[in-house]
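For reference, the structure is listed below as structure tokens.
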Amino acid sequence: FPVEELDFPVFLKGTVDRVDEFNGKFRIIDYKTGKVDQSKVEVVEWEEIALDYDKYSKPFQILTYALMMDDKDPLPSEFEAGIISFKNMQGGFLKFCKKDKKGYGAKKETNITSETLEAFKEQLK
């Protein structure tokens, strides 16, 4: 992962649990044995990911997978990434989402695009 400000290479490594296509949408899925709720895969402000890894570890992980996969072989222009939590099976596929604002009625974008990956790259650096 190129970071121009560093004089040494940065390597990202990880193992994706599942990649599939569901209802015509490409998905990256990470399984968790513990309980994960939808709120744990949502981001309001991109800067929060870099400031509070403990709180945003789930979106950080699935977006890192997406970034690595896209670097190796370009992903579709829009796709989804998320978590299936074994202790929250009724939650189904918990999709990463970028929320426009906090609170009730906030717009949620679940499609991951090149713009999403670029915004994440800035925080990863």
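The values are calculated or read from the model by the stated rules, or taken from the named source; none is laboratory data. For clarity, every value in this text was computed on a predicted model and none was experimentally measured. A quick note on method: Cβ atoms are made from the backbone with ideal geometry, for glycine too, and the neighbour counts reach across all protein chains shown. Just so you know, the surface numbers come from the protein's heavy atoms only, side chains and all, with ligands and any DNA or RNA stripped out. Shrake-Rupley method; radii C 1.70, N 1.55, O 1.52, S 1.80 Å.
Points worth noting:
- Of everything in the range 62-76 that is in contact (Cβ under 8 Å) with a residue 40 or more places away in the chain and closer than 15 Å to R27 by Cβ, the residue that is surrounded by the most Cβ atoms within 10 Å (Cβ to Cβ) is L63.
- A search for C-beta distances below 7 Å between a residue of the range 47-61 that is in contact (Cβ under 8 Å) with a residue 40 or more places away in the chain and any residue that is of a type in the set (S, T, Y) and surrounded by 14 or more Cβ atoms within 10 Å (Cβ to Cβ), counting only pairs 6+ apart in sequence or on different chains, returns I49/Y56.
- Lone unmet requirement of (1) over 18 Å from S57 (Cα atoms); (2) at pLDDT 95 or above; (3) aromatic (F, W, Y) for F96: (1)
- Filter result (farther than 18 Å from T116 by Cβ and open to solvent by 40 Å² or more (accessible area, probe 1.4 Å)) within the range 33-53: T33, K35, D37, S39, L51, D52, Y53
- The listed residue being surrounded by 13 or more Cβ atoms within 10 Å (Cβ to Cβ), aromatic (F, W, Y) and within 22 Å of T33 (Cβ to Cβ), out of F96, F86, F79: F96
- Lone qualifier among D17, D37 - being charged (D, E, K, R), touching a strand residue (DSSP E or B) at 6+ places or on another chain (Cβ under 6 Å) and modelled with pLDDT of 95 or more: D17
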